[in-house]
Amino acid sequence: MMDNEGQMSAEMLFVFGTLIIVLMISMVFIAGENELNIAMSAAKSGVIEGLAISSSGIYPNDAYWDYSQSKTGLLDPYSVEIVNISYMELGWDDNYDKKRIQFKVYARTSDGFNNDELVSIGDRINYNLRKSIAVSFNTTQATNKLYNPVFSQHYVFTTANVKWI
């Protein structure tokens, strides 16, 4: 009877030790997924903010001057519908030593904009998307004034041109 008393303690230590190792390994994967969820949420918020500002015709002085000369259609309120926001992993970025993620926005408008005007609207959408991600991860000081690229602990984020459908 005395020989079996230590067996239960050794088995419990083995089970708890294994459980702790599995939890630690799982946390690494969960942390990466959490960053992507935060980035996607920030991207959606940024796109909505960008559309609200852009479609209201609120621009910085230099953009307003440029638009008043060549893109007058952007000075009036307009409507843009966001169809989808997605991201794609582009592999490892050796320059930043992080995984590279690229966001792509799919949008549509019924207004008759020319290609240059659509590019300008898309640029404003992407700018606000990247800015929102930078604010979410508190990395605004680690990027340039266009927030391109944007960083988190494990990822570097960029945007593709808005796809108009």
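Computed from the coordinates by the stated procedures, all read-outs in this text should not be read as laboratory data. All of these numbers come straight from a predicted model, not from anything done at the bench. Because the Cβ atoms are built from the backbone with ideal geometry, glycine has one as well, and the counts that use them run over all protein chains shown.
Once the Cβ-Cβ distance between ILE48 and LEU23 is put in as r, and R0 is 45 Å, what FRET efficiency do you end up with, to the nearest 0.05?
It comes to 0.75.
If you line up the long axis of helix 115-136 against the longest principal axis of the chain, both from Cα atoms, how many degrees apart are they, to the nearest 10?
Computed tilt is about 30 degrees.
Projecting each Cα onto the charge dipole of the chain (Lys/Arg +1, Asp/Glu -1 at the beta carbon, about the Cα centre), which of PHE157, GLY112, MET24 comes out farthest on the positive side?
Most positive-ward Cα: GLY112.
Any idea what the alpha-carbon Rg over 2.2 N^0.38 Å comes to for region 90-165?
So the Cα radius of gyration is 1.21 times the expected 2.2 N^0.38 Å.
Output ³J(HN,Hα) for region 40-53: one whole-Hz value per residue in order, computed from phi by the Karplus curve 6.51 cos²θ - 1.76 cosθ + 1.60 with θ = phi - 60°, and x for Gly and Pro.
5, 5, 5, 4, 4, 5, x, 5, 4, 5, x, 5, 4, 5
Output ³J(HN,Hα) for region 154-165: one whole-Hz value per residue in order, computed from phi by the Karplus curve 6.51 cos²θ - 1.76 cosθ + 1.60 with θ = phi - 60°, and x for Gly and Pro.
Per residue, the Karplus-derived 3J(HN,Hα) values read 10, 10, 10, 10, 9, 10, 8, 4, 4, 8, 8, 10 Hz.
With both partners inside the chain, how many of the DSSP beta bridges are antiparallel, as a percent to the nearest 5?
65 percent
Note down the magnitude of the dipole of region 1-113 about its Cα centre, charges +1 on Lys and Arg C-beta and -1 on Asp and Glu C-beta and zero elsewhere, to the nearest 20 debye. Let's see the in-between values first.
Working: 7 positive and 15 negative charges, 97 e Å.
Here the size comes out at about 460 debye.
Just to verify a number: FRET efficiency for ASN114 and THR158, C-beta to C-beta distance, R0 = 22 Å, to 0.05? All intermediate terms of the calculation are to be shown ahead of the outcome.
Numbers: r = 26 Å, r/R0 = 1.17.
Given R0 = 22 Å and the Cβ-Cβ separation, E is 0.30.
Taking amide H atoms as placed 1.01 Å from N in the peptide plane, list the residues 5 or more away in sequence, or in a different chain, whose amide H sits under 5 Å from that of ASP111.
When sequence neighbours closer than 5 places are left aside, the close amide H contacts are SER79.
Out of (i) 15.4; (ii) 18.6; (iii) 16.6, which label holds the value of Kirkwood radius over Cα pairs in Å that was computed here?
Given (i) 15.4; (ii) 18.6; (iii) 16.6, the calculated one carries the label (ii).
Take each of the peptides 151-159, 18-26, 125-133, 138-146, average the number of other beta-carbon atoms within 10 Å over its residues, and list them starting from the highest.
Result, highest mean first: 125-133, 151-159, 138-146, 18-26.
Step through the residues of region 66-80 one at a time and calculate ³J(HN,Hα) from phi using the Karplus curve (6.51 cos²θ - 1.76 cosθ + 1.60, θ = phi - 60°), rounding each to whole Hz and writing x for Gly and Pro.
4, 5, 5, 8, 10, 10, 5, x, 7, 7, 9, x, 8, 10, 10
Among PHE14, ASN148, SER41, whose Cα projects farthest towards the positive end of the dipole of the chain, with charges put on the beta-carbon of Lys, Arg (+1) and Asp, Glu (-1)?
ASN148
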